[in-house]
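All of the numbers you see were taken from the coordinates with simple rules; none came from a lab. Worth saying up front: this structure is predicted, and the values here are computed from it rather than measured. All Cβ positions, even for glycine, are placed from backbone atoms using ideal geometry, and neighbour counts span all protein chains on display.
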Amino acid sequence: MNPNKEFDFFIDELLTRAVGEFKSTEQYRLLKEKLEIMDRDCETMFAKNEREFAIECFELILHVDGQEEQYVYRKGLQDCVWLLKTLGVLV
């Protein structure tokens, strides 16, 4: 494995761990509960084609949010390294 792939793997593992930790919080439990209520509401309030559209929209939003989460996490780590180097903490 080349250094860039090793770094990417390392970052992915850190992100996976952070997401897992978030999913064990009360905040996540409350958000998940709210999403489940919204899902049930979509089942009862929308016609089939409207429900399919809503599901497609939610899936796209979740995918985009996941991509943004990965980008921001990676950028935050890179900025942290830059800052530590600028402060002379890292050589």
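Just a yes or no: is a residue in the stretch 63-83 free of Cβ contacts under 8 Å to residues at least 40 places away in the same chain, small (Gly, Ala, Ser), out of contact with any helix residue (DSSP H, G or I) (no Cβ under 9 Å at 6 or more places or on another chain) and farther than 20 Å from PHE7 by Cα?
no
Does ILE37 meet the test of being part of a helix (DSSP H, G or I) and either surrounded by 12 or more Cβ atoms within 10 Å (Cβ to Cβ) or touching a Pro at 6+ places or on another chain (Cβ under 7 Å) (or both)? Let's see the steps before the verdict.
On the way: part of a helix (DSSP H, G or I): yes; either surrounded by 12 or more Cβ atoms within 10 Å (Cβ to Cβ) or touching a Pro at 6+ places or on another chain (Cβ under 7 Å) (or both): no.
No: the conditions fail for ILE37.
For the stretch 11-20, does any single residue satisfy the condition of being more than 15 Å from the chain's Cα centre (by Cα), aliphatic (A, V, I, L, M) and in a helix (DSSP H, G or I)?
At the first step, the residues of the stretch 11-20 found to be more than 15 Å from the chain's Cα centre (by Cα) are none.
Checked the stretch 11-20: no residue is more than 15 Å from the chain's Cα centre (by Cα), aliphatic (A, V, I, L, M) and in a helix (DSSP H, G or I).
Mind telling me which of the residues LEU83, LEU90 ends up being surrounded by 11 or more Cβ atoms within 10 Å (Cβ to Cβ), among the aliphatic types (A, V, I, L, M) and not in a helix (DSSP H, G or I)?
Details: LEU83 fails: not in a helix (DSSP H, G or I).
Testing whether each residue is surrounded by 11 or more Cβ atoms within 10 Å (Cβ to Cβ), among the aliphatic types (A, V, I, L, M) and not in a helix (DSSP H, G or I) leaves just LEU90.
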